[in-house]
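Contents: one structure, followed by commentary.
Taken together, the values in this text are just the output of simple stated rules run on the coordinates, not laboratory data. Every value quoted in this text rests on a predicted model; they were computed, and no experiment measured them. Positions of Cβ are backbone-derived with ideal geometry, glycine not excepted, and every protein chain shown enters the neighbour counts.
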Amino acid sequence: QVQLVESGGGLVQAGGSLRLSCAASGSFFNIITMGWYRQAPGKQRELVATITRAGSANYADSVRGRFTISRDTAKNTVYLQMNTLKPEDTGVYYCAADLLLVGRVWGQGTQVTVSS
């Protein structure tokens, strides 16, 4: 089983930057994809960015060009570098891992608040 712990959220002004980290522990052999999702108040959880075992990244249109997902396999950590933040980026950001034969595992979430 895989456990995920996010960190790096906080309060930032519009135009600022934050970097989120997701530290994974447990068994990794069956991880297919890891990614970041977010949920704004009153809205459904949505995909932000994902990265495959091969390192291929995918982004939501709303963040492409501003956010970058990366990973450090030695540290079993996935990062989300968020630049040029906007108030509409506010929400709880969740790390997730898609595991073969298991499904999706979620972290506990970290709050990101962007003030205008």
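Where both residues lie in the chain, what percent of DSSP beta bridges are antiparallel, nearest 5? If you can, show how the numbers build up before the last one.
Details: 42 of 47 bridges.
Of those bridges, close to 90 percent are antiparallel.
Once the convex hull of the alpha carbons of region 8-91 is built, what does its volume come to per residue, in cubic angstrom? Walk me through the numbers before you get to the answer.
On the way: hull volume 8.8 nm³, N = 84.
Value for region 8-91: 105 Å³ per residue.
Using only side-chain charges placed at the Cβ, +1 for Lys and Arg and -1 for Asp and Glu, the dipole size of region 8-116 relative to its Cα centre rounds to 60 debye.
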